[in-house]
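Have a look at the structure below, then the notes.
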Amino acid sequence: MSSRQLLVRDLIVLFGLAGWALALPYWGSEFVVSLALTCLMYVALSSSWALFCGTTRYLSLATSAFFGIGAYASALSLETMPWWQAIALGAGIAAAVAVVMGAAVLHLRGTYFAVLTFGMTELIRHAIQYFEKSVTGTVGRVLTVVPERDTIYLTVLLLAVAAVGVSIVVRRTRLGLAWAGIGADEQRAQTLGVNTRWAKLAGFAMTAAFAGAVGAAMSVRWTYIDPPTVFNPFIGFQTVLIALIGGALTLWGPLIAAIVFSLLAETLRLSAPQVYMMTLGLLLILCVLYLPGGLASLRWETFRSWWTSGKAWGRERRYEWSGDKARDKRRARERRLV
């Protein structure tokens, strides 16, 4: 298929899924809508994270920081601003913080970049907590203005569609090619004329804007928010795990994994939280060892190769455990001695 045909196909699939999700509140129960809202939240977070961090191979752990910034921006502005302006404010502040943070740490790579982004996330969380306790004399915020359920759902759905849509389009632009070049070999990309500094800042800010907007929209699900809730590191870690297990270099992998893990979370987190965390870890290990491209890289050929490898492994074990292997080795030694 040509690039244009692939673009049309991806857009058709996206709008088909969006249409199905749009009809969900009209026939689904409250539980189903709540589950779908969680799915859409992680679709937006993991898709926007994978677009920049997966392509450039910069492992950012700052998603929860941007999510919390957006949540606090929404909580503080909803009484004086319309809903959409509060969402835009959360996205804008998160993007501005990302530009400042990125200017300080985007020259690093690997473990150093991951540790510093996580450290800055904790710094922002504790700074807000200290400010609330020492200056305002309050801990957390009570949300008195809360939009209707359908408004929140449609907003998060729009953000999820926008995140996937931006991924579809940007991957085909010069900026997307620049990120791919940075991920493959940053020094070579610089020699080819790519302004890697500005490309990385733009991508980091874009990821933060989506996380801030999602945080602003999701904050109203709670009637009370505080730093440990909205700056929860688990939000950032699960976003990274979803993207990696789904396939950080693929378009649909984060979406598939977000749905799978949201269903697992609702099924196991309350009844068996340890089993849920074990499942996350086990899937990550299996994907790293046997499916480096993530769940999105699964094909019939993959299952066929696994089946063939499994049969070969079984024959080898039967040959060894039956004693035939030892006998054949002994006979070979006897022939050499003769």
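Values for this structure:
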{"read-out": "On Cα atoms only, tilt of 3-27 relative to the major axis of the chain in degrees", "value": "60"}
{"read-out": "Descending semi-axes in whole angstrom, ellipsoid equivalent of segment 1-47, from the Cα gyration tensor", "value": "27, 13, 5"}
{"read-out": "Note, ³J(HN,Hα) from phi for segment 249-259, Karplus 6.51, -1.76, 1.60, rounded to Hz, x at Gly and Pro", "value": "8, 9, 7, 9, x, x, 5, 4, 5, 4, 5"}
{"read-out": "The chain: relative contact order in percent, alpha carbon pairs under 8 Å with at least 6 residues between", "value": "29"}
{"read-out": "Estimated 222 nm signal from helices in the chain, with DSSP H stretches of n ≥ 4 weighted -39500 (n - 2.57), rounded to 500", "value": "-25500 deg cm²/dmol"}
{"read-out": "Mean Cβ count within 10 Å, highest first, over the residues of peptides 53-66, 81-94, 20-33", "value": "53-66, 81-94, 20-33"}
{"read-out": "Residue-by-residue Karplus 3J(HN,Hα) for segment 163-168, coefficients 6.51, -1.76, 1.60, Hz, glycine and proline x", "value": "5, 5, x, 5, 4, 4"}
{"read-out": "Stokes-Einstein D for segment 13-117, Kirkwood Rh over Cα pairs, 37 °C, 0.692 mPa s (µm²/s)", "value": "206"}
{"read-out": "Built amide H within the under 5 Å cut-off of residue 61, gap 5+", "value": "117, 118"}
{"read-out": "Karplus-derived HN-Hα couplings along segment 177-185 (A = 6.51, B = -1.76, C = 1.60, θ = phi - 60°), whole Hz, x at Gly and Pro", "value": "5, 5, 5, 4, x, 5, x, 6, 6"}
{"read-out": "Under the Debye formula (equal points on every Cα, no solvent term), log10 I(q)/I(0) of the chain at q = 0.07, 0.11, 0.16 Å⁻¹", "value": "-0.35, -0.75, -1.46"}
{"read-out": "Per residue value of the accessible surface for the chain (all protein chains in place, 1.4 Å probe), Å²", "value": "53"}
{"read-out": "Descending Cα extents along the principal axes, segment 182-255, whole Å", "value": "52, 25, 18"}
{"read-out": "Electrostatic dipole magnitude of the chain [Cβ: Lys, Arg +1; Asp, Glu -1; Cα centre; debye, to 20]", "value": "2040"}
{"read-out": "Accessible carbon and sulfur surface of the chain relative to its total accessible area, %, 1.4 Å", "value": "67"}
{"read-out": "Dipole of the chain, positive end: most advanced residue of 321, 272, 52 [Cβ charges, Cα centre]", "value": "321"}
{"read-out": "Mean separation of Cα contacts under 8 Å, 6 or more apart, over the residue count of segment 221-271: relative contact order %", "value": "20"}
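The values are calculated or read from the model by the stated rules, or taken from the named source; none is laboratory data. In this text, all values refer to a predicted model and were calculated from it rather than measured experimentally. Here the Cβ is made from the backbone with ideal geometry for all residues, glycine too, and neighbour counts use every protein chain on show. Side chains are part of the model used for accessible areas, which takes the heavy atoms of the whole protein and leaves out ligands, DNA and RNA. Shrake-Rupley method; radii C 1.70, N 1.55, O 1.52, S 1.80 Å.
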